[in-house]
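Student: Below is one structure. I have some questions about it.
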Amino acid sequence: MASRNKVMRAIRVFEFGGPDVLKLQKDIPVPEPEENQKGDRVFTTKTVTGGYAEYTIAHEHAVFPLHESLDFGQGASIGIPYFTAFRALIHSAQAKPGESVLIHGASGGVGIAACQIARAYGLKVLGTAGTEQGRKVVLKNGAHKVFNHREPDYVDKIKEYVGENGVNVIIEMLSNINLHNDLQLLSYRGRVIIVGSRGPIEINPRDTMKKETSIIGVSLYSSPKDDFLQSLAALLAGIETGWLQPVVGPSYPLEHAAQAHEDIIKSQGAYGKMILLMN
Ligand SMILES: NC(=O)c1ccc[n+]([C@@H]2O[C@H](COP(=O)([O-])OP(=O)(O)OC[C@H]3O[C@@H](n4cnc5c(N)ncnc54)[C@H](OP(=O)(O)O)[C@@H]3O)[C@@H](O)[C@H]2O)c1
């Protein structure tokens, strides 16, 4: 890293609370990499010193070369979304080519990644989004069919589309709203994968019995090392061959990080991965 003894801008958090606890500081010493932490053009899945900053440190095993075809905004959109989507689809759901998947919340960071991966792996891909712009992005990134999750009867439309057999896999971004409906949409031995949830929901466990369905939680940072390396191999191949194309959504300057937090919770409609820009 070239800029030792310099200072940088970074967001720091000194107390628990809402987005207003994210404080911009302009005099943070640029972190110095130790052995096996390096300063190349890269993307990372996890930092040591924090990602809301102009400079950061990450361990060598969490850092990968950023392909020349991708810019830094796209690099920032790979780590958590693609590794989470791959884990959900391939490790947790064990989705197979020819199966169908409903990506319930397909217009955001994880959803678009899931659309691209599912399509590349030969699945029939259904997605949902809440806005016209979001639905266009979902269709452009691998979905065969898209539904509007803000329409009151959209679950009936999905049921009609998939027919009696139902859908093999559901990747769920808002489980506290959708889990009950998901259980009605699944096929025999169908799997719903819990990626996102913002609260509790009441379900009837009997809904899993007749069709022997499963509800499986996923947590990116619980991945065993071997699984992580599998994801890495698949995703780097996706970058090389071109099916992995991160879509950058709303972009905020670093000093507007708190606003970004407000907006992602009260989102008007996603259309890619939200990112922070350093200049
Ligand atoms: N388990 C893990 O390891 C892990 C890892 C990463 C992220 N997550 C979680 O996964 C969730 C998605 O992350 P993200 O980065 O993709 O967030 P994001 O970019 O903010 O996207 C949120 C998605 O949820 C959709 N959504 C809104 N209302 C919905 C509804 N009623 N039904 C279905 N979908 C709805 C949004 O669609 P519209 O905006 O088009 O309405 C959008 O596609 C978040 O809760 C995040 O915290 C979990």
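The values are calculated or read from the model by the stated rules, or taken from the named source; none is laboratory data. Given the structure is predicted, the values throughout are model-derived calculations rather than measurements. FYI the Cβ positions are ideal-geometry reconstructions off the backbone, even for glycines, and counts take in every protein chain you see.
Student: Which number in (1) away from the ligand (no atom under 16 Å from the Cβ); (2) surrounded by 22 or more Cβ atoms within 10 Å (Cβ to Cβ) marks the one condition that A113 misses?
Tutor: Condition (1) is where A113 drops out.
Student: I'm trying to understand the selection: among the residues of segment 126-142, which are within 16 Å of the chain's Cα centre (by Cα) and either of a type outside the set (S, T, N, Q) or in the same structural domain as Q268 (by TED's automatic domain parsing) (or both)?
Tutor: G127, A129, G134, V137, V138, G142
Student: Please enumerate the residues belonging to segment 51-78 that are under 24 Å from G109 (Cα atoms) and surrounded by fewer than 15 Cβ atoms within 10 Å (Cβ to Cβ).
Tutor: H61, P65, E68, S69, D71
Student: Which condition does H144 not pass, out of (1) more than 13 Å from the ligand (Cβ to nearest atom); (2) more than 14 Å from K124 (Cα to Cα); (3) free of Cβ contacts under 8 Å to residues at least 60 places away in the same chain, if it passes all the others?
Tutor: If we test H144 against (1) more than 13 Å from the ligand (Cβ to nearest atom); (2) more than 14 Å from K124 (Cα to Cα); (3) free of Cβ contacts under 8 Å to residues at least 60 places away in the same chain, just (2) comes out false.
Student: If you scan segment 82-96, which residues turn out to be part of a loop (DSSP other than H, G, I, E, B) and not small (G, A, S)?
Tutor: Of everything in segment 82-96, those that are part of a loop (DSSP other than H, G, I, E, B) and not small (G, A, S) turn out to be Q94, K96.
Student: So in segment 79-109, with the set limited to residues that are within 15 Å of the ligand (Cβ to nearest atom) and surrounded by fewer than 20 Cβ atoms within 10 Å (Cβ to Cβ), which one is nearest to P250 (Cα to Cα)?
Tutor: For segment 79-109, the residue satisfying everything is I80.
Yes/no matrix, rows are residues, columns are (1) of a type in the set (G, A, S); (2) in contact with a strand residue (DSSP E or B) (Cβ under 7 Å, 6 or more places away or on another chain); (3) at pLDDT 95 or above; (4) closer than 18 Å to T84 by Cβ:
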| site | (1), (2), (3), (4) |
| --- | --- |
| N181 | no, no, yes, no |
| S187 | yes, yes, yes, no |
| R198 | no, no, yes, yes |
| I201 | no, no, yes, no |
| N204 | no, no, yes, no |
| G217 | yes, yes, yes, yes |
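Student: How about segment 116-151: which of its residues are of a type in the set (G, A, S), surrounded by fewer than 21 Cβ atoms within 10 Å (Cβ to Cβ) and assigned to a helix (DSSP H, G or I)?
Tutor: Scanning segment 116-151 gives a single hit, A120.
Student: If you take the residues of segment 231-279 that are polar (S, T, N, Q) and surrounded by fewer than 16 Cβ atoms within 10 Å (Cβ to Cβ), which of them is nearest to A129 (Cα to Cα)?
Tutor: It comes out as Q268.
Student: Quick check on my filter: what residues within segment 156-175 are more than 16 Å from L123 (Cα to Cα) and either exposed (fewer than 14 other Cβ atoms within 10 Å of the Cβ) or β-branched (V, I, T) (or both)?
Tutor: Correct list: D156, K157, I158, E160, G163, E164.
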